[in-house]
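First comes the structure, then the notes that go with it.
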Amino acid sequence: KKGNYDHFMQKEIHEQPHSLTTTMRGRLRDNSVVLGGLKDHLKTIRHSRRIIFIGCGTSYNAALAARPFLEELSGIPVSMELASDLLDRQGPIYREDTAVFVSQSGETADTLLALEYSLANGALCVGITNTVGSTLARKTHCGVHINAGCEIGVASTKAYTSQIVVITMMALAIGADKLSTQSRREDIINNLPTLPDKVSDVLKLDVQMKDLARSLMQMQSLLVFGRGYNYATALEGALKVKEVALMHSEGMLAGEMKHGPLALVDETLPIIVIATRDACFSKQQSVIQQLHARKGRLIVMCSVGDAASVCAGGSCRIIEVPQVADCLQPVINIIPLQLLAYHLTVSRGYDVDQPRNLAKSVTTQ
Ligand code: UD1
Ligand code: BG6
């Protein structure tokens, strides 16, 4: 039931402080993470030669968001596969691989076919899903339920943030045997319980995002630039805008800006740049300067208090978000973009919960 909300997508966006709480419930102990579904398999995962994430759409983006932290804590190469592309290429999968399948529904056809393929090739197959009893949950060797609660809106929102948190917890569990990263792990484990309150804070941007949506509703296109932990945020923000608001939108790696996208920049095309504080901050400052120099129409997402540092001397709209630990920042940063996509859709008069031509669960190829 939608309760006080007009649409399921809106309800699910605003539910995130709660869904993230249930995702973490019973899984955080003093300075450690306990994932019941993985604990007997951690040794095998630690010995694997490669970890491969496999998924479609938003689920793929969630894995991409958590990948840098998993690489950092595990020291194992982590690769990414869109399920359909792995199948098209019949890409190599080995017995020494851990293949991690990410799917909200646990029923996406391409993801399940990639699972069959990986099982046949002898990889350890791990599932990350929101659906107890789904085909994915049943056919994987082990896995983690994200426990975000039922998601009805076709555009995935709360499942995305819960998937990121689960993969982050998975990284903490895999890395738990390493002394060298102990203080880093403890820092993140101590930060995780604070996340729901920070999500409540960022949800207060709702009115501001509604206003921004009104100013963008007539646009043909919207670009989103991110990098590092927030490359995935750019892809996922743009996916939300295109799937529900039916507006062309592309998420781009800021590091690739000079290799093509810069040619698109002019006074009219709106560009969102994600420039919250992390190791890539100064690189994003220079991206913003270069976009200014070409008179780009900029909307900059930055950490609270950073407006002057990201937009010195230029004119841009600012979205200020609360700062959290670098690897958790994607959970915060996607929320204004979910709100923007939602309000753009309502302003443009489209169906929020059942976007044209799309299905919640794509069970055919
Ligand atoms: C489990 C219980 C939870 C209970 C908790 C108490 C279930 C579904 N979960 O949660 O209700 O409160 O113990 O300790 O009964 N799995 C897969 N593939 C997947 C997802 C999960 O094989 O894609 C397997 C896991 O390896 C595990 C089982 O399903 O054996 C349950 O996973 P999960 O719900 O994440 O485990 P717990 O958090 O321990
Ligand atoms: C569909 C949905 O395209 O499938 C998306 O509309 C979703 O929201 C994608 O991200 C993958 O679904 P799942 O259930 O495998 O995560």
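What follows is calculated from the coordinates using simple rules that are stated; it is not laboratory data. Note that the coordinates shown come from a computational prediction; the quantities given were computed from them, not determined experimentally. So basically every Cβ, Gly included, is an ideal-geometry build from the backbone, and we count neighbours across all protein chains shown.
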Backbone HN-Hα couplings from phi across the stretch 222-227 [Karplus 6.51/-1.76/1.60, Hz, Gly and Pro as x]: 9, 9, 10, 9, x, 7
Dipole magnitude (debye, nearest 20) for the stretch 180-269, charges at Cβ of Lys, Arg, Asp, Glu: 100
Under-5 Å amide H pairs with MET252, H placed in peptide plane, nonlocal only: VAL224, PHE225, GLY226
For peptides 246-254, 2-10, sequence by mean Cβ density within 10 Å, most packed first: 246-254, 2-10
J(HN,Hα) series, the stretch 342-358, from Karplus relation 6.51 cos²θ - 1.76 cosθ + 1.60, nearest Hz, glycine and proline x: 4, 5, 4, 5, 5, 4, 7, x, 9, 6, 6, 8, 10, x, 3, 6, 10
Rounded Å value of the spacing that divides the Cα centres of the stretch 195-212 and the stretch 100-147: 33
Histogram of C-alpha separations across the stretch 104-179, 5 Å bin width, %: 3, 15, 23, 23, 19, 11, 5, 1, 0
The stretch 189-259 - Rg and Dmax from Cα coordinates, angstrom: 14.6, 43
Translational D in µm²/s for the stretch 39-121 (Stokes-Einstein at 20 °C, 1.002 mPa s, Kirkwood Rh from C-alpha pairs): 165
Gyration tensor over alpha-carbon atoms, the stretch 236-305, equivalent ellipsoid semi-axes in Å: 19, 16, 12
Normalised convex hull volume, the stretch 234-365, alpha-carbon set, Å³ per residue: 136
Unit charges on C-beta of K, R, D, E only; dipole of the chain, Debye: 140
Given charges at Cβ of Lys, Arg, Asp, Glu: the stretch 220-365 dipole, positive-most of TYR231, ILE288, LEU262: LEU262
q = 0.07, 0.13, 0.15 Å⁻¹: log10 I(q)/I(0) that the Debye formula gives for the chain, counting C-alpha atoms only: -0.28, -1.02, -1.34
Separation of alpha-carbon centers, the stretch 312-349 and the stretch 243-266, rounded to whole Å: 16
Cα gyration tensor of the stretch 1-160 - equivalent ellipsoid semi-axes, whole Å, descending: 27, 19, 13
Other-chain or far-sequence residues with amide H under 5 Å of ASP97's (modelled H): ARG49, LEU124
Estimated 222 nm signal from helices in the chain, with DSSP H stretches of n ≥ 4 weighted -39500 (n - 2.57), rounded to 500: -13500 deg cm²/dmol
Inverse of mean 1/r across different Cα pairs in the stretch 142-287, Kirkwood, Å: 17.7
Cα-only Debye scattering, the stretch 296-365: base-10 log of I(q)/I(0) at q = 0.13, 0.14, 0.24, 0.27 Å⁻¹: -0.58, -0.65, -1.06, -1.16
In Hz, Karplus ³J(HN,Hα) per residue of the stretch 171-178 (6.51, -1.76, 1.60; θ = phi - 60°; x = Gly, Pro): 4, 5, 5, 5, x, 5, 8, 9
